[in-house]
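A short write-up of the structure that comes next.
The values are calculated or read from the model by the stated rules, or taken from the named source; none is laboratory data. Since the model is a prediction, treat every value here as computed from it, not as a measurement. Positions of Cβ are generated from backbone atoms using ideal geometry, with glycine treated the same way; all protein chains shown enter the neighbour counts.
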Amino acid sequence: MSLLQDAKNWVRSRSIHVAYVDVGSCNGCDIEILACLAPRYDIEQYGIYVHNNPREADILLVVGAMTPPWVERLPALWAKIPAPKAAIAIGNCPVSGCVYNRRETYILGPVAKYIPIAAEVPGCPPRPTEILSAVLAVAPTVFRDYEVNRS
Amino acid sequence: MKRVVDVSIPLGPVHPCWKEPARVKCETRGEKVLSAEVELGYMKKGIERIMRGRPWQEVMFLAERVCGICSVIHNMVFIEGMEAVSGITVPDRAAYLRVVMNELDRIQSHLLANFSYCYTIEHETLAMYLLNTRERAMDCMERIAGVRVNKAYMIPGGVRFDLRDTDRALLLADLAHLEDSVHRYGRMFDTGPLIATRSKGVGILMQEQARIARAVGPTARASGIAEDVRLTHPTYRKLAFTPIVRTEGDNHARIMLRFDEIFQSLGLIRQCLHDLPAGPIRGGGTCGAGETVSRGEAPRGELSYFIRSDEYGRILDIAIRTPSIPNIDACTHHMLPGVTSLADVTSVFVSADPCIACNER
């Protein structure tokens, strides 16, 4: 364990940048992610910053049931995020398609077919606290000792 | 006609300011926007196709999930349509409770719209105040219906949960808190000098243009058109509802109109709680065959459902018209051309409160 790795671990534990992408949701989960920003939940006290910019993100929150236009765009978006990175599926839609996964639908889920999903938060929609705890649970497992684990 | 265009700038579909994927393509000369075009299709799930041939019990939950922000009004309009088709009457207490829930939903939706606008013009302080205030409105709904977003509160013949006396007292306390906060933040927005420079005179929608684009809801009412479907709703008529109208038609007017409508909604809820009759909350009945158009005023404007059902209450045909469709048209074709700075494009688009999920379904 090098000193550099320790420094990286320390920095990454308090600086998690989040982007979210809506691949065809009903807005319910979207707005619950936004509600995490509210001072009541105060996502920034944990060092999580919602910038919604893939190029400076560490964690991608995927919301929605995977509509056809996103089939080529979501992997492209995922490729733009610098490593180390993790994707979290928020809500039932990216996991199973929820109510939209019926006959005659347009959706092409689940999202895990297109990008690797590190964690899933089921719920229609999940509460802001659940989203918050999922991000906090995933971040250390992916980012701690990333360089050591990779080699 | 040939036009000199410097750059054609696409915004989106993934954009830091936008909550939902949409792409706005702006043709610009210098910083001035000459014309704009919106490109949609990122959220199309085919909800109406899924709905056809399904029993109303399933369609009810699908209707709610057309939009997660204004789920109550989708539920209400669909259920009122099914009631009209089947001749089901609603007990008075349930009719009032429906208005309470609908207005609470309108409050949270308007607070969210104003939060988005403040966030877009980078007034993060006010935005966070408004988002925190919205949590109070969410609490009120959660206390009545048990969940925060997709509540399925209304069912044919009534509502699912009664308002208990303890909840009523807590609701009144929360309404007082909401009124204080919204009054304070509305005044902050109204008198802020920097907010005024970003909002006043930006994204003007003239009354004539609003009529051409058939704008609805707060977007139309901020341009001087006194249209509101609540005027024709029987329960709202009992409450002597009159719409609020402003005439400026700019970003500032749209946001201030939403603040004013929050006060109006608070007043309607208080009036409902005052007049709330005792009695049952569920009348019962059987959903049957028929064809109707059901309308309601969503937070963003007029929402209508065309419903045709068979004698078992299955939905044979359904068509939904959501308020964001004409509002996005009004925004791209009438508000955005002539905007003097590209930074204002996002704020003008957000001020019309477009809901892409509603729009594409």
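Quick notes on this structure:
- Qualifying residue in segment B:85-94 (condition: under 16 Å from the mean Cα position of the chain (by Cα) and not hydroxyl-bearing (Ser, Thr, Tyr)): no
- Sole exception among (1) aromatic (Phe, Trp, Tyr); (2) assigned to a loop (DSSP other than H, G, I, E, B); (3) modelled with pLDDT of 90 or more for residue B:78, by number: (2)
- Selection within segment A:69-79 - at the interface with chain B (Cβ under 8 Å from one of its Cβ atoms) and touching a residue at least 24 places away in the same chain (Cβ under 8 Å): A:70, A:77
- The one condition in (1) in a helix (DSSP H, G or I); (2) surrounded by fewer than 15 Cβ atoms within 10 Å (Cβ to Cβ) that residue B:122 fails to fulfil: (1)
- With respect to being in a helix (DSSP H, G or I) and in contact (Cβ under 8 Å) with a residue 12 or more places away in the chain, residue B:319 falls outside the description.
- Flag for residue B:180 being in contact with a Cys (Cβ under 8 Å, 6 or more places away or on another chain) and either at pLDDT 90 or above or among the β-branched types (Val, Ile, Thr) (or both): no
- Which numbered condition residue B:47 misses (of (1) within 14 Å of chain A (Cβ to nearest Cβ); (2) farther than 17 Å from residue B:321 by Cβ; (3) surrounded by 24 or more Cβ atoms within 10 Å (Cβ to Cβ)): (2)
- Residue count, segment A:108-138 (criterion: β-branched (Val, Ile, Thr), part of a helix (DSSP H, G or I) and in contact with a helix residue (DSSP H, G or I) (Cβ under 7 Å, 6 or more places away or on another chain)): 2
- Condition check for residue B:186: assigned to a loop (DSSP other than H, G, I, E, B) and not aliphatic (A, V, I, L, M): no
- Complete set of residues in segment B:249-297 that are more than 30 Å from residue B:121 (Cβ to Cβ) and in a helix (DSSP H, G or I): B:270, B:271, B:272, B:273, B:274, B:275
- Any hit, segment B:149-165, residues being without any contact (Cβ under 8 Å) to a residue 40 or more places away in the chain, out of contact with any helix residue (DSSP H, G or I) (no Cβ under 6 Å at 6 or more places or on another chain), part of a helix (DSSP H, G or I) and under 30 Å from residue B:193 (Cα atoms): no
- Residue B:341 meets the conditions (1) surrounded by 24 or more Cβ atoms within 10 Å (Cβ to Cβ); (2) within 21 Å of residue B:250 (Cβ to Cβ); (3) not β-branched (Val, Ile, Thr) in every case but one. The failed one is (1).
- Picking from residues in segment B:121-151 that are among the β-branched types (Val, Ile, Thr) and more than 12 Å from chain A (Cβ to nearest Cβ), the one that is farthest from residue B:250 (Cα to Cα) is B:144.
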